[in-house]
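This report concerns only the one structure given below.
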Amino acid sequence: MEKNPFDDLRIKPEQVDNSIKWFRTQINNLSAARSLSIQSLMRQEDYLTKTLRPGRLYLYFYDPKFKDSLPYYDTVPLVYPYRKTSQGFIGYNLHYLPPVIRFKLMGVLTNIEMSTDLEKKKLAYTFGVLNSNEMNKYFAPCIKKYLSSHVKSRFLEIPYESWMHAALLPTESFMKASKNKVWKDSLGKV
């Protein structure tokens, strides 16, 4: 029987509890304002930047160059960039994964961030954290290439301690398909 790569990932119950508490607080705060506003998140000046650094998590507005030919796309990606390209960058857009798999990917990424092994971090940032990992097949559907010229805002850098929380917030904004369709397609590629 093939070993399930997710068996090695362990999420502590207190992490889940803290995420749920934080999420509920955010929803209550937003409910008081009567709407979840991506624009309000993007006004957090202390966390806005014009530059990306590998190994960080960012939220931003994006308008794809080839949107007419894409079956669907996310206009508010939540991306962990890992490679620069001549015209932009490549990263993991967590929105393309259903919450359960997204949570597992966040576990892998936070384990790398918590590592004191600088060589491990350097390899992760240079070549993509999961390229040689057997779990790559689960996360491959969220690897996306972005053109800097089509980024339509500054980047909201998510503080490391809020990564899990941010991964669970419903900030995806898919065009031409529902999030359930996107997640179903991603699972079909595994």
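Observations on the model:
- Simple spin-label estimate for Lys84 and Leu70 in nanometres, 7 Å along Cα-Cβ: 2.3 nm
- Using θ = phi - 60° in the Karplus curve 6.51 cos²θ - 1.76 cosθ + 1.60, the 3J(HN,Hα) couplings for region 181-190 round to 5, 4, 5, 4, 5, 4, 5, x, 7, 6 Hz; x is entered for Gly and Pro.
- Legend: residue pairs Lys144/Lys179; Lys67/Lys181; Lys50/Lys189, Cα-Cα distance threshold 28 Å; pairs beyond threshold, Lys50/Lys189.
- Residues of region 83-101 with amide N under 17 Å of a point placed 7 Å along Cα→Cβ from Lys189: 83, 89-101
- Compared with the direct C-alpha span, the chain from Thr51 to Ala140 gains 29.6 nm at full extension, assuming 0.36 nm per residue.
- Interchain or long-range residues, amide H under 5 Å from Tyr82's placed H: Ile90, Gly91, Tyr92
All of the numbers you see were taken from the coordinates with simple rules; none came from a lab. It should be emphasised that the depicted structure is a prediction, and the values quoted were computed from it without experimental measurement. A quick note on method: Cβ atoms are made from the backbone with ideal geometry, for glycine too, and the neighbour counts reach across all protein chains shown.
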